[in-house]
Amino acid sequence: MSAETWQQVVFWIFALLITGAGVLVVTTRNVIHAALWLVGALMGAAAMYVLLFAEFVAWVQVLVYVGAIVVLMLFGLMLTRAPIGSAEFDNNQRPLAALCAAAVFVVTSVILIGAFEGQEINFARTAGTSTESIGTAIFSSYVWPFEVVSILLLAALVGAVVIARRD
Amino acid sequence: MDLAQAIAQPSVDWHALSPDIVLAAAACMVLIADLFLPEESKWLAMPLSAAGILGTLAAVVSLAGEHRTTLGGAVEIDTFALVFKGLFCVIGLIVLAMSFGYFRSGRYYQGEYYFLMLCSLLGGVVISSARELVTLFIALELISIPAIIMTALRKADVKSNEAALKFFLFSVLSTAVMLYGMSLVYGITGSTKLDEIRSSIASSADEPLVVLSVIFVVIGFAFKISAVPFHFWAPDTYEGAPSPVAAFLSTASKIGGFVGLLVLMFRAFPEVADTWRPAFAVLATLTMTVGNLIALRQQHIIRLLAYSGIAQSGYVLVTLALIDPSRPEANAQALESAIVYLVIYGIMDLGAFAAAVAFARKTGTYFLSDYAGLWRRSPVLATLMAGFLLSLAGTPPMAGAWAKLFVFAAAINSEVYWLAAVMGVNAVIAAWYYLAVVKRMFLDSPEVDEPIEVPYLLRATMGVAAFALLAVFIYPAFITSLADRSLL
Amino acid sequence: MPVSFFLVLSALLFSIGIYGVLARQHAVLVLLSIELMLNAVNINLVAFSAMLQEAGLGGQVFALFVIAVAAAEVGVGLAIVILIYRNRQSVDLDELDLMKW
């Protein structure tokens, strides 16, 4: 099989993983399971980034998103000693919600398919974007948001401690 | 490049960035100082923060009249940026004055509160000069996230907790929707710089996709500026939050959202204005009308101000429905009227909140029925409150009258008569509930006669704000001349 | 490979997230759904970045910023959830009924 075909196969495998895990995140009746299914969706997304030559983003996704954010969520759930499974996690607007989501999906994807028809991602390209070029971009064109986001993280850190600590 | 050369010819225009840097440094100073202050002198964080904001204001003034871009066009200093940076500084000073007594007596983490407030304010200062999508998005988040924490600072109060949770979920949701739109904009144009987006969106774009992406971005912003039908979080959040924080949310946070929206719509997307202009007309109509109608039956001053603030957002949205780059004059007038409205709104809304805070500090109540006969209990407070409410209602002799008139004139000039008519009807409805409060304060008799002492700092701040509104009414050129030069 | 494969996948993930936001009433579950939406954004950004080839570095950098902000948001959100749980023993959104409009 050609490289192109292999890439298609990999895409479909992980697309199914992401979709399946995503659906389970929003339907399962157990909070811990939902967080774990989110890990599945996030890992699938990381695989997509690798497929798209964005290795650095893929690693950040695994380390920060899966490693930090989801672990934080699980810790948070454990700390609250909240009931982790209940049928009452869903409200009674599920058909309406499904209708809204389906409408958004149909409209968005029809427009997207029409607009980007014929636009190909060229997998034959030898070199992907290097981590070095991302570093250069962050510290040249994007240095200002980078500095601002550091203040944002500091504020979030201080704030989370203030709110969560016992008085 | 050797060091001497780097110092002589820096690649970064530090002067252009100085307001943002001074404020960031002040925030960090407050955080560190708080570490070493003993419990009984934690309040010193407030004068320290005020000094930091004054320093920022000085940096803003030092840039007056300049036009510079730096960091590859991500930051652009022009009169528009400076006017809003200055406005955020003034809002910060007024909110500090309101917070001082409240947080000192409540002992709600004073040092951290002032740090978070400065951070949130920094978001506003950064967004004023941001001309690039990533910076815009980060600055918006820098406004919201500290504001969420400030909302939760009354930790033992369940209402404050819930207000924070509601605010948090809506804020994160709006960010996600806005980002989805921004990612599509990036896909269409291949750039995050607003000027490049502007030039490539008109030529290369496929129309439905442009409309879709702009709609996602606008929905994201509509949550931030609490436009109907995305306003549900606002009144509950304002009511549950500590009241100085509610004042901050209703002004700094909302104006921050509007600055982002103005920059995007006037700078990045004007060439495709025909596709999205009707959406703003609908949004403006809904926001004005629903905000005012619900405000009519509010009995709680903070909720009244929240709904009236929603309606006020509607008047600013009118200007966005007038954008038309093919008619430069009308377009410029729309932007000017939006700037004038936001500046005046910021001051008068804060004034009304400050009066409510001053009243509640002595009486402990926020219900409108308790405002009966305020004139006999505290003539100063009643007069100031009446001044701010008249300004919000848009009646002379306060600056709010000009704010409404300019937007109205812009709508007439752009020949969108039906929107001007909707605005006129709404101004009448709004005048009803504002004047009802004024009537209650001056004509009804009080249930208790106990006089109300207004803290000195609050009284001075409200006095200056009311005087400024009066002065702008008499001499509007002061503010319109600034707005004239603030073209994007 | 057509870029629209990735874009439709992203739209699907975004819609699943919208369903979760509308249908769930546990604060953490709503937050998880919003994380799905943010991932849809990132797939879009990275796919566009690959489509634009060398000119498309901005998309990847944008995605990194989105991840950083998501981390900050989750930290703050969980702090609030812990606080509420300590005071109320529940994080059910429909029980947050002290304030009705």
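A simple charge model with +1 on the Cβ of Lys and Arg, -1 on the Cβ of Asp and Glu and nothing else charged puts the dipole of the range B:412-483 at about 260 debye relative to its Cα centre.
Largest mean-square fluctuation among A:ALA98, A:ALA156, A:ALA15, in a Gaussian network model of chain A whose springs join Cα atoms under 10 Å apart, belongs to A:ALA156. For chain B, the alpha carbon convex hull comes to 138 Å³ per residue, rounded to a whole number.
Near the amide H of B:HIS300, within less than 5 Å, lie the amide hydrogens of B:LEU368, all on another chain or at least 5 residues away, with H placed in the peptide plane. Per-residue ellipticity at 222 nm, computed for the protein assembly as shown from helices alone with -39500 (n - 2.57) per DSSP H run of at least four residues, works out to -25000 deg cm²/dmol. In a DSSP loop and with at most 13 other Cβ atoms within 10 Å, the trypsin sites (Lys or Arg not before Pro) in the range B:231-327 are B:ARG297.
Calculation over all alpha carbon pairs of the protein assembly as shown in 10 angstrom steps from 0 returns a P(r) of 3, 15, 25, 27, 19, 9, 2, 0, 0, 0 percent. Residue by residue, the range A:131-138 carries 3J(HN,Hα) couplings of 4, 4, 5, 5, x, 4, 5, 5 Hz when phi is fed to the Karplus relation 6.51 cos²θ - 1.76 cosθ + 1.60 (θ = phi - 60°); x denotes Gly or Pro. Its relative contact order, with pairs defined as Cα atoms under 8 Å and 6+ residues apart, puts chain C at 27 percent. Of the Cα atoms belonging to the range C:33-82, the radius of gyration and Dmax stand at 13.2, 45 Å.
Using the Karplus relation 6.51 cos²θ - 1.76 cosθ + 1.60 with θ = phi - 60°, the per-residue 3J(HN,Hα) values for the range B:108-116 come to 9, 6, 4, x, 5, 4, 5, 4, 5 Hz, with x marking Gly and Pro. Beyond 20 Å in Cα-Cα separation lie the following of the pairs B:LYS42/B:LYS85; B:LYS85/B:LYS404; B:LYS85/B:LYS254; B:LYS166/B:LYS254: B:LYS42/B:LYS85; B:LYS85/B:LYS404. Entry note, chain B: relative contact order of 14 percent, from Cα contacts under 8 Å with a spacing of 6+ residues. Amide H contacts for C:HIS26 (H built 1.01 Å from N in the peptide plane; partners 5 or more residues away or on another chain; cut-off under 5 Å): C:LEU93.
When the P(r) of the range B:271-488 is calculated, the portion above 26 Å amounts to 37% of the C-alpha pairs. Computed on the range B:360-488, with alpha-carbon pairs under 8 angstrom and 6+ residues apart, the relative contact order is 40 percent.
Across the range B:173-182, computed HN-Hα scalar couplings (Karplus, 6.51 cos²θ - 1.76 cosθ + 1.60, θ = phi - 60°) run 4, 5, 4, 4, 5, 4, 5, 4, x, 5 Hz from first to last residue, x flagging Gly and Pro. Projecting the Cα atoms of C:VAL46, B:VAL75, A:MET48 onto the charge dipole of the protein assembly as shown, computed from C-beta unit charges around the Cα centre, puts B:VAL75 farthest toward the positive end. For chain C, the alpha carbon convex hull comes to 102 Å³ per residue, rounded to a whole number. Evaluated at q = 0.13, 0.20, 0.28 Å⁻¹, the base-10 log of the normalised Debye intensity for the range B:86-152, with identical point scatterers placed on the Cα atoms, takes the values -0.38, -0.79, -1.21.
Reported value for the range B:384-486: 108 Å³ per residue, from the convex hull of its C-alpha atoms.
What the Kirkwood sum gives for chain A is a hydrodynamic radius of 19.6 Å, with every pair of different alpha carbons counted.
The calculated pair-distance distribution of the range B:122-172 uses every alpha carbon pair, bins of 5 angstrom beginning at 0, and gives 5, 23, 23, 16, 14, 10, 6, 2, 0 percent. In straight-distance terms, cross-link reach from B:LYS193 covers every one of the aspartates and glutamates whose alpha-carbon lies under 16 Å from its own, apart from those fewer than eight places away in the same chain; here that gives B:GLU76, B:GLU132, B:GLU271.
When only alpha carbons are used to place a centre, the range C:54-87 and the range B:323-389 end up 34 Å from one another.
Distance between the C-alpha centres of the range B:163-190 and the range C:1-52: 11 Å, rounded to the whole angstrom.
Treating each Cα of the range B:318-433 as an identical point scatterer and summing with the Debye formula, the log10 of I(q)/I(0) at q = 0.16, 0.17, 0.21 Å⁻¹ comes to -0.77, -0.83, -1.08.
Among A:LEU154, A:VAL71, A:LEU17, whose Cα sits farthest toward the positive end of the charge dipole of chain A (+1 at Cβ of Lys/Arg, -1 at Cβ of Asp/Glu, about the Cα centre)? Highest projection toward the positive end goes to A:VAL71. In the elastic network of chain A, a GNM with C-alpha springs shorter than 10 Å, the most mobile of A:ILE151, A:ILE13, A:ILE32 is A:ILE151. Taking the Cβ of A:GLU132 as the centre, find all other residues whose Cβ is under 15 Å away and add up their charges (Lys, Arg: +1; Asp, Glu: -1). Here the count lands on -2.
Each reported figure results from applying straightforward, stated rules to the coordinates on display, with no laboratory input. This is a predicted model, so every value here is computed, not measured. A quick note on method: Cβ atoms are made from the backbone with ideal geometry, for glycine too, and the neighbour counts reach across all protein chains shown.
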